[in-house]
Amino acid sequence: MAEGIDRLTRPEGPRAATGIVHLGLGAFFRAHGAIYIEEAMKASGGDWGIIGVSLMRPDQRDAMAPQDFAYTAVELGPDGEHPHVIGVLNGVLVARENPEAVLEQMSDPAVKIVSLTVTEKGYCHEPSTGKLNRNHPDIIHDLAHPDNPVTAIGMIVRALARRHAAGVKPFTVLCCDNLPENGRVVKGVVSEFAALVDEDLARWIGTEGAFPSTMVDRIVPATKPEDIERVAAMTGRFDASPVMHEPFRQWVVEDRFVDGARPDLGKVGVELVDNVTPYEHMKLRCLNGTHSSLAYLGYLAGKETIAECAADADLARFCQYLWAKEITPGLKAPPGVSLADYTAALFTRYANPAIRHRTWQIAMDGSQKLPQRLLGTVAENLAADRPISGLALAVAAWMRYVGGVDEQGKPIDVRDPLAARLKGLSDGAHTPAAKVAALLTVREIFPETLAANDTFRNTLVTAYTRLAGQGALKTIKDMIS
Ligand code: CS2
């Protein structure tokens with residue numbers, strides 16, 4: 001701890017009783033949903049205090065417990081850094097240490113919402129189909145040990161089973177991850193898992209439960225050690241776990257909660273809608289689609305952050321090209337939204353030099369991200385005779401990336417649940433065409449029809465060959481000139 005500096009303390013005032021359990025307490029939720037929920041309680045009251053759950057590691061709890069679970073959220077704006085102390089967390093549980101405490105908390109009738117940010121891979125589904133992966137070792141574990149679950153899905157089903165048995169209504173499951181129709185996907189995997197346990201339970205979840213889909217947006221780079229030092233110097237308080245975020249935020253939520261029980265989110269700028277799909281397509285494809293494209297191409301080109309990519313004239317033009325020619329032409333804009341304004345604002349967000357969002361961080365878990373970010377657009381463009389060369393270049397860059405060697409011949413630290421398999425496929429093939437063919441066989445990522453499409457395959461081979469032969473920057477330059 002920085003010497004002579006007091007530890008951060010909770011903001012004064014009464015503490016709200018717990019109404020929400022949040023699974024997967026990472027920086028994103030603490031910089032997004034938690035702040036909205038705190039503001040909603042300040043505006044309209046309600047018992048919506050949050051118990052966070054770390055699924056695996058105790059670090060987050062251990063860092064925050066000495067400061068009574070308060071933390072600093074720092075807005076990184078063009079005019080400087082603005083810290084706010086957030087006191088909405090009532091505690092943090094660590095599921096691996098004590099799954100029973102988590103199940104008890106989730107079974108408490110006072111808990112009305114279980115929200116989640118467990119990242120794409122946390123749903124143990126097949127990204128290309130959205131179905132539960134029944135061969136997932138953790139799912140096999142949770143089916144065999146229902147009172148000792150390790151996955152969010154196992155925890156939700158067990159807690160719902162206990163509520164069902166006790167005659168307590170289900171909680172609303174509020175997914176806040178970047179999945180397409182995220183509520184529907186979670187409902188699907190939860191129902192499939194529940195049906196393997198007890199048909200009656202699955203029926204009850206289907207009729208009484210609620211799984212609203214949401215679109216979440218705020219850029220939240222991982223907190224770095226130097227951020228912790230800077231926050232201490234800025235605020236005069238030591239916070240072991242601050243979060244850093246951009247000024248922009250958006251949360252669009254389908255207004256379907258069990259008994260309508262939720263914080264007054266509409267009061268604080270959350271958009272409550274009947275159908276989130278157009279918002280979520282826009283966001284996943286425009287933002288996350290280009291984020292991943294810049295992450296793979298930028299990483300290969302030696303760019304450390306998205307802001308560095310945005311400052312590179314060729315990568316910037318490539319990103320604008322993707323939006324204008326390949327992504328937005330097939331999108332249906334949400335009511336009242338101009339896609340041109342939306343993407344222009346996105347570019348300004350990317351260019352914010354205060355946000356040091358690493359390409360390596362965004363490149364993680366590509367196998368779980370590609371389908372909803374890039375491949376859906378590719379499939380629709382192929383069907384409608386629209387261009388795909390920019391998107392295919394991004395997918396080819398991912399193929400190079402998972403090969404595990406950068407353009408200088410240095411190893412890449414590839415983080416992905418399928419990393420070993422992807423590397424094996426890439427290493428086992430010796431020409432660009434063979435590598436593309438090998439990686440296209442991964443059905444969890446590429447659906448059969450897309451993998452079999454000759455235009456897609458040939459465009460990928462051309463792109464891969466260029467990336468391997470002349471590097472990412474030259475390939476991009478040639479493509480957009
Ligand atoms: C990013 C997202 O890490 C990633 O894959 O694309 O976390 C992105 O920053 C958020 O979705 C922005 O809302």
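FYI, it's all coordinate maths here, none of it is from the lab. All of these numbers come straight from a predicted model, not from anything done at the bench. Backbone-built Cβ (ideal geometry, glycine too); neighbour counts: all protein chains shown.
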Checklist entry - Which listed residue (Ser241, Ile140, Val197) has the Cα farthest towards the positive end of the charge dipole for the range 6-273, taking +1 on Lys and Arg C-beta and -1 on Asp and Glu C-beta about the Cα centre? => result Val197
Checklist entry - FRET efficiency for Lys42 and Asp138, Cβ-Cβ distance as r, R0 = 35 Å, nearest 0.05? => result 0.40
Next on the checklist: With θ taken as phi - 60° and the coefficients 6.51, -1.76 and 1.60, list the Karplus ³J(HN,Hα) couplings across the range 368-381 in order, rounded to whole Hz; mark glycine and proline as x.
Outcome noted: 8, 9, 3, x, 7, 8, 10, 6, x, 5, 4, 4, 5, 5
Checklist entry - Within the range 9-106, which trypsin sites (Lys or Arg not before Pro) sit in a loop by DSSP and count at most 11 neighbouring Cβ atoms inside 10 Å? => result none
Checklist entry - How large is log10 I(q)/I(0) at q = 0.07, 0.11, 0.14, 0.17 Å⁻¹ when the Debye formula is applied to the Cα atoms of the range 6-273, each weighted equally and without solvent? => result -0.24, -0.59, -0.95, -1.38
Checklist entry - What ratio of Cα Rg to 2.2 N^0.38 Å holds for the range 207-342? => result 1.31
Item to check | Cα convex hull volume per residue for the range 233-297 (Å³) | outcome: 183 Å³
Next on the checklist: Cut-off 17 Å, label point 7 angstrom out along Cα-to-Cβ of Lys267: give me the residues of the range 57-91 whose amide nitrogen falls inside.
Outcome noted: 87-88
Checklist entry - Of the beta bridges DSSP finds with both residues in the range 1-159, what % are antiparallel, to the nearest 5? => result 35 percent
Checklist entry - Considering the range 91-131, what Rg and Dmax in Å follow from its alpha-carbon atoms? => result 13.2, 36
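For every other residue with a beta carbon closer than 13 angstrom to the beta carbon of Arg421, add +1 if it is Lys or Arg and -1 if Asp or Glu, then tell me the sum.
-1
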Checklist outcome for this item: Taking only the alpha-carbon atoms of the chain, the convex hull volume per residue, in cubic angstrom, is 147 Å³
Checklist entry - Check Trp251: other-chain or 5+ apart residues with amide H under 5 Å from its amide H, H built from backbone geometry? => result Glu271
Item to check | Length-normalised contact order for the chain - Cα pairs under 8 Å, 6+ apart - percent | outcome: 15 percent
Checklist entry - Full extension from Asp427 to Gln408: what is 0.36 nm times the residue separation minus their Cα-Cα distance, to one decimal in nm? => result 5.1 nm
Checklist entry - What length, rounded to one decimal in nm, is gained on full extension from Ser338 through to Arg15, with 0.36 nm per residue of separation minus their alpha-carbon distance? => result 112.2 nm
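Report the full-extension gain for the segment Gln361 to Arg203: residue separation times 0.36 nm, less the Cα-Cα distance, to one decimal in nm.
Between Gln361 and Arg203, full extension yields an extra 52.9 nm.
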Item to check | aspartates and glutamates with Cα under 17 Å of Lys410, excluding same-chain neighbours fewer than 8 positions away | outcome: Glu304, Asp427
Item to check | Integer Hz, Karplus 6.51/-1.76/1.60 couplings in order for the range 30-42, x for Gly and Pro | outcome: 5, 9, 10, x, 4, 6, 4, 5, 4, 5, 5, 5, 5
Checklist outcome for this item: Rounded to 0.05, the calculated FRET efficiency for the beta carbons of Arg162 and Ala452 at R₀ = 41 Å is 0.35
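Rounded to the nearest 20 debye, what is the charge dipole size of the chain about its Cα centre when +1 sits on each Lys and Arg Cβ and -1 on each Asp and Glu Cβ?
Dipole size: approximately 880 debye.
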Checklist entry - How big is the Kirkwood radius of the range 301-409, worked out from every pair of different alpha carbons and given in Å to one decimal? => result 15.2 Å
Next on the checklist: Please list 3J(HN,Hα) in residue order for the range 311-320, calculated via the Karplus relation 6.51 cos²θ - 1.76 cosθ + 1.60 where θ = phi - 60°; whole Hz, with x for glycine and proline.
Outcome noted: 7, 8, 4, 6, 5, 5, 5, 4, 4, 5
Checklist outcome for this item: If unit charges are put on Cβ atoms (+1 for Lys and Arg, -1 for Asp and Glu) and the dipole of the chain is taken about its Cα centre, the option from Gly188, Leu174, Thr449 lying farthest towards the positive end turns out to be Thr449
Item to check | DSSP-assigned coil residues among GluC sites (Glu not before Pro) in the range 81-137, each with at most 14 further Cβ atoms within 10 Å | outcome: Glu97
Next on the checklist: From zero outward in steps of 10 Å, how is the percent of C-alpha pairs of the range 277-480 spread across the bins?
Outcome noted: 9, 38, 38, 13, 1
Next on the checklist: Can you compute the charge dipole magnitude of the range 163-209 about its Cα centre, using +1 on each Lys and Arg Cβ and -1 on each Asp and Glu Cβ, nothing else charged? Give it in debye, rounded to the nearest 20.
Outcome noted: 160 debye
Checklist entry - Picking from Leu76, Leu8, Tyr36, whose Cα lies most toward the positive end of the charge dipole for the range 1-90 (charges on Cβ: Lys, Arg +1; Asp, Glu -1)? => result Tyr36
Item to check | Bins of 10 Å from zero: percent of alpha-carbon pairs in the range 320-370 | outcome: 20, 38, 39, 4
Item to check | Computed E for Ala324/Asp259 - FRET, C-beta separation, R0 45 angstrom, nearest 0.05 | outcome: 0.50
Next on the checklist: Output needed: percent of Cα pairs per 5 Å distance bin for the range 1-71, bins running from 0 to the one holding the longest distance.
Outcome noted: 3, 13, 23, 27, 18, 10, 5, 1
